[in-house]
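Step one of this worksheet: look at the structure below.
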Protein chains: 2
Amino acid sequence: MLSRMESEPVIGRRGAHAKGVARRQEILDRAIEVFRERGADGTSLRRIAEAIGVSHAALLHYFDSREQLLVAVYAHAEAQRAAADAARRAEGAPLPLRGVDSMADAAVKNVEVPGLVQLYSTLVAAALESSSEVSREFFSARFERVRSELTTSFRVQQEDGSIRDDVPAEHLAALVVAASDGLQIQWLLEPSVELEGTLRSIATLLQPQPGPDPRRS
Amino acid sequence: MLSRMESEPVIGRRGAHAKGVARRQEILDRAIEVFRERGADGTSLRRIAEAIGVSHAALLHYFDSREQLLVAVYAHAEAQRAAADAARRAEGAPLPLRGVDSMADAAVKNVEVPGLVQLYSTLVAAALESSSEVSREFFSARFERVRSELTTSFRVQQEDGSIRDDVPAEHLAALVVAASDGLQIQWLLEPSVELEGTLRSIATLLQPQPGPDPRRS
DNA sequence: GTCTATACTTTGATAGAC
DNA sequence: GTCTATCAAAGTATAGAC
């Protein structure tokens, strides 16, 4: 029941032998930098290995496949962000945002690092192919977790009357996740779309509604 | 100003020489079937060529690259759907849907052919990479066109009072596109999310609002 | 356990024959 | 216009050095 990150689930296989795990994390840290800088562009196993300073076979010693490495990189980047957020809050920073605002904030931060959004899109697309189990399992679980957290948050807000309750919380959760993902892509392709403004407009759409108008026929 | 499809823009290079164009369309028709059946799974140039009955080099005679072929396939599939819709309407079928309903309808039809959604996701992800100009140009233009059409539709509806007008039509358009794209992916990964119901919930969110409540403090 | 060297296979792409 | 041959790059797998 610790509020602390419960030691970030290891995506790869071997390890659990302290030393190996440490080296693994080191590789992930460096790989993340590669993606941050160059995006998912020329990120073959050999290029990543070269940037890290090892042979490509060495990477496969820690990860079963290129796909598994990529998923691990994304998961690691996400965990880093979560840890940073937690640390910031621990220092007395603003309270955890709820519902829509948390997504809007995360989205804005995401597009500052296009390489990671690129990686995310690539892996989600891969998850739809029957060949890539690793991606599918990771993103199925991730979507379910995020939707579930948002649903809970929305349900609470519906009960205390801070948002409308004439639309199921589950629908709102799925919609907000979809909108956030989709808008980040649209923004990367055409920065004239107002990412933050559009996401904040969702808050307006969610404002509490008056009961059904009795004057209506 | 014809309402008819203006001869579907040719994505490839050569052609314009009648004969070549015909063969081209033939290849695209067959390639679409491959994607409909097997999705974007094992769709290397050689596999597609094999399914069609030619060598992979033959495909590259009509398309500069694999990416260009894939974009052409997607564009062709979309044009086919648009043509079918137009034909259906010409037979006195229901009038063109507006705004949200048109997107919801399209989304539901899309997920019936997972292979095409897969192809779409793959190409959108590719469009984010600086290496693939073809995808980026196609999808940048596509997003802009769809957003623009939706914006116009929403603006009209705002003026005649059928939807709320306290959120910019541009925001609504971008949101609906994003929600539709994102939900299709979520549904493919977890069919328990209610694709159609969730998309229709957007209509509820867009219902006209009463003016600001004067009783409020 | 960690890593290099190396080889195998598939793939996108090009060149040249017919 | 289409095929065969060929290439370079990439993912993957294995053997063996340390």
About its Cα centre, how strong a charge dipole does chain B have in debye, to the nearest 20, once Lys and Arg get +1 and Asp and Glu get -1 at the Cβ?
520 debye
Using a label point 7 Å beyond Cα on the Cα-Cβ vector, give me the inter-copy distances for A:ARG145 in nanometres, one decimal, shortest first.
3.9
At 222 nm, what helix-only mean residue ellipticity would chain A give, in deg cm²/dmol to the nearest 500, using -39500 (n - 2.57) for each DSSP H run of four or more?
-22500 deg cm²/dmol
Relative to the longest principal axis of the C-alpha atoms of chain B, give the angle of the C-alpha long axis of helix B:19-38, reported between 0 and 90° and rounded to the nearest 10°.
60 degrees
With each pseudo-label sitting 7 Å past Cα toward Cβ, what's the A:VAL108-A:SER148 distance in nm, one decimal?
3.0 nm
Which residue, chosen from A:ILE48, B:GLN80, A:ALA174, occupies the Cα position most advanced towards the positive end of the dipole of the protein assembly as shown, where the dipole is computed from +1 (Lys, Arg) and -1 (Asp, Glu) charges on Cβ about the Cα centre?
A:ILE48
Using the alpha-carbon atoms, what tilt in degrees (0 to 90, nearest 10) does helix B:66-90 show relative to the longest principal axis of chain B?
60 degrees
To the nearest 10 degrees, how steeply does helix B:99-110 sit against the main Cα axis of chain B, on a 0 to 90 scale?
40 degrees
Per-selection Kirkwood Rh - the range A:7-95 (Cα, Å, 1 d.p.)
13.9 Å
Please find the FRET efficiency linking B:ALA51 to A:GLU37, where r is the Cβ-Cβ separation and R0 is fixed at 35 Å, and quote it to the nearest 0.05.
0.35
Whole-Hz Karplus couplings 3J(HN,Hα) for the range B:194-205, θ = phi - 60° and coefficients 6.51, -1.76, 1.60, Gly and Pro as x, run 7, 4, 5, x, 5, 5, 5, 4, 4, 4, 5, 4
With the label set 7 Å along Cα→Cβ, B:GLN25 is separated from its counterparts in the other copies, in nm and shortest first, by 6.1
Scoring only Lys, Arg, Asp and Glu (+1, +1, -1, -1) among other residues with Cβ under 12 Å from the Cβ of B:GLN157 yields -1
Candidates B:ALA173, B:ALA90, B:ALA31, ranked by Gaussian network fluctuation over chain B, Cα under 10 Å, top entry
B:ALA90
Give the nm distances, rounded to one decimal, from B:ARG200 to the matching residue in every other copy, measuring between label points 7 Å along Cα toward the beta carbon; shortest first.
3.4
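The numbers here are math on the coordinates, done by the rules we state, and not lab data. Keep in mind it's a predicted model, so treat the numbers as computed, not measured. In this analysis, Cβ positions are derived from the backbone assuming ideal geometry, glycine residues included, and neighbour counts consider all displayed protein chains.
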